[in-house]
Amino acid sequence: MSCHLDTESDVERPSPRTRLRVPRTNRSLLAVPGVSETVSATRDNQSRLEACRYNVQGRPLDELRRRARFEALQMAAKYTSDLLGTRIAVPEASEPLVVTGHQPALFHPGVWVKNFATGVLAEQTGGVGLNLIVDNDTAPSMAIHVPAGTHRQPRFDSVAFDEPRTAIPFEDCEIVSRQTFTSFADRVAEALQPWGISPVVQDVWPDALDRMATTRRLTDCLAAARHRQERRWGLENVELPISRMCLLDSFLWFASHLLAHLPRFQDCHNSALDEYRQRNRIHSRTHPVPELVSRDGWLEAPFWLWRKGDEQRRRVFARQIGSRIQLAADTEVVTELPLSPEMDACCSVEALRALEVKGWRFRTRALSTTLFARLCLGDMFVHGIGGAKYDEMTDRIVETFFEICPPRFMTLSATLYLPLGEPHPATVDDLRQLRTDLRDLQFNAERHGVTGEDVQSLVIEKQTLLREQELSRPEGLSRRERLARRPENRARHRRLKQISAELAARADSQRERIGRQIAETESQLAANEILCSREYSWCLFPAEELRELFGQLR
């Protein structure tokens, strides 16, 4: 039996066509819906999902949710205790659960703000905040950008926190150079010293080094630095890496359900993807995600498989053979699951669990992560703008595959500039006008104060020719009359071009002046791209700047 959520009693949600735009001004924040409305939506989501009896391979969704929340919070409490170096109590699974997530990178403050919103929502609902560390994504870089140069001519430089490597999943990344990692905060502080900035990295990096004394897992060390600072600022969220979430029996049960009904899931997924692309006029075949494909009887599933040491994650393919499902990493068959649409998932869970013992990582992809997090874990999910856009597609899958009304989510983003001084006054509109003026010099130099011999007589002649041109328009003339006037019109046009060229030749000083103005404006705009970048890591900012931004949520 499926549950049906009564949308008429919901607080009005943004339509799928709502344009979500990154906030562009300094210290600005986007929250859709606002905090107070999200608190109400969290309680509403919880009550509706707790009453949902959708059949997940023999288990009602509400029962699977209770199990998933219990398992996830048990594991999150243990992992968070390891990050803190002290034991914390296991949160109560029956309380409202607010979930967010991101890669364990040194991201910008507009990402970090989601953690603080999660904490505030948990506090105001009397619930728990859970941050999912997306360590199954690949680590793109072992360095962060820092500002260098001068205020007039700034540039990006980089500071590494570890040695570069092939892009592999975060969960497989270990710290290679202890020296590079240990000296990171000092090198960042040195880079920012000319700008007069005292970065928060100096406060938090000792926590990363403390964690490094226990483990060389990069994810754990970066998470410890961030999470301990959140605790100092009053947040009590718990942390759970996706790699550990994917070991939960409840997750493996949920994954088995998608695999058991993969033909229908793939149809719903690809239909939702087509609708999303049409609605948003997207022509790319990879945005927001590629379609799930089929080949020779094998259907692609929304998961990854790889072994530790592999340089690439591999797509998962499955095919039903009687009462068993073969599972492959691309073309390599790795296991068989005792599973069909009618069977429960007990034996399938055991087979999937055994993959980890054999060295295989069976992990979610983006959409399956949020499907599990929103339906089986959380009562509210806090997205960034990118996640909110592709979750339009997730909502449609929830409606068509699970046949329930999707729970609401929150979209949050923020912009904070490093205190690098006031931006330069030039604007894009200034540059556009200067380029227009430069082009206008070619055709209407007289408008820009050209001087010289015969300028006045050329201007008068041009005005006379333009008046004649206006009077000679062909409206109302017969074809014979128009043909008779053609030589005269052509001669007038040639003379107008000649006059414009002669006037433009006298505008060298104006052209040089506008050229200098264009070069200066372009230089200022290029400088502002660096001075006003919103992509700088949170660890570069002074602590008080971050606290002021995050305090807006309260």
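Pairs meeting the criteria (first residue in region 458-475 and more than 23 Å from residue 506 (Cβ to Cβ), second residue surrounded by 10 or more Cβ atoms within 10 Å (Cβ to Cβ) and β-branched (Val, Ile, Thr), beta carbons under 6 Å, at least 6 apart or on different chains) are lacking.
Among 172, 157, 162, 203, which is the only one that is touching a helix residue (DSSP H, G or I) at 6+ places or on another chain (Cβ under 6 Å), at pLDDT 95 or above and either of a type outside the set (Ser, Thr, Tyr) or open to solvent by less than 70 Å² (accessible area, probe 1.4 Å) (or both)? Spell out the reasoning first.
Values: 172 fails: touching a helix residue (DSSP H, G or I) at 6+ places or on another chain (Cβ under 6 Å); 157 fails: touching a helix residue (DSSP H, G or I) at 6+ places or on another chain (Cβ under 6 Å); 203 fails: touching a helix residue (DSSP H, G or I) at 6+ places or on another chain (Cβ under 6 Å).
Checking each option against the conditions leaves just 162.
Could you check region 465-500 and list, in sequence order, the residues that are open to solvent by less than 60 Å² (accessible area, probe 1.4 Å), in a helix (DSSP H, G or I) and not basic (Lys, Arg)? Matches in region 465-500: 465, 489, 491, 496, 499, 500.
The condition (being closer than 24 Å to residue 29 by Cα, surrounded by fewer than 16 Cβ atoms within 10 Å (Cβ to Cβ) and not β-branched (Val, Ile, Thr)) is satisfied by just one residue among 422, 403, 399: 422.
From 241, 206, which residue is under 27 Å from residue 118 (Cα atoms) and over 28 Å from the mean Cα position of the chain (by Cα)? Before the answer, list the steps.
On the way: 241 fails: over 28 Å from the mean Cα position of the chain (by Cα).
Within the list 241, 206, the selection yields 206.
Scanning region 70-90 for residues that are open to solvent by less than 30 Å² (accessible area, probe 1.4 Å), under 23 Å from residue 371 (Cα atoms) and touching a strand residue (DSSP E or B) at 6+ places or on another chain (Cβ under 8 Å) returns 72, 73, 76, 77, 79.
Flag set for residue 95, criterion: open to solvent by 20 Å² or more (accessible area, probe 1.4 Å) and in contact with a Gly (Cβ under 7 Å, 6 or more places away or on another chain). For region 310-346, what are the residues that are more than 21 Å from residue 59 (Cβ to Cβ), open to solvent by 70 Å² or more (accessible area, probe 1.4 Å) and either in a loop (DSSP other than H, G, I, E, B) or of a type in the set (Phe, Trp, Tyr) (or both)? Across region 310-346, the qualifying residues are 311, 312, 331.
For region 347-389, residues that are surrounded by fewer than 16 Cβ atoms within 10 Å (Cβ to Cβ) and over 28 Å from the mean Cα position of the chain (by Cα) total 8.
What number of residues in region 148-184 are assigned to a helix (DSSP H, G or I) and touching a residue at least 60 places away in the same chain (Cβ under 8 Å)?
Pass one, region 148-184, residues assigned to a helix (DSSP H, G or I): 170-172, 178-182, 184.
Applying the additional criterion that residues be touching a residue at least 60 places away in the same chain (Cβ under 8 Å) yields 170-172.
Here the count works out to 3.
Identify, please: which residue in region 508-554 is out of contact with any helix residue (DSSP H, G or I) (no Cβ under 7 Å at 6 or more places or on another chain), assigned to a helix (DSSP H, G or I) and open to solvent by less than 10 Å² (accessible area, probe 1.4 Å) and is, among those, farthest from residue 158 (Cα to Cα)? Residue satisfying both the conditions and the ranking: 527.
Looking at 178, 187, which is the one that is at pLDDT 95 or above, touching a strand residue (DSSP E or B) at 6+ places or on another chain (Cβ under 7 Å) and of a type in the set (Lys, Arg)? Quick ask: steps written out before the conclusion?
Values: 178 fails: touching a strand residue (DSSP E or B) at 6+ places or on another chain (Cβ under 7 Å).
Criteria check complete, one pass: 187.
The values are calculated or read from the model by the stated rules, or taken from the named source; none is laboratory data. As the structure is a computational prediction, the values presented were derived from the model and not from experiment. Here the Cβ is made from the backbone with ideal geometry for all residues, glycine too, and neighbour counts use every protein chain on show. Keep in mind that these areas ignore ligands, DNA and RNA; they rest on the heavy atoms of the full protein, side chains included. Shrake-Rupley method; radii C 1.70, N 1.55, O 1.52, S 1.80 Å.
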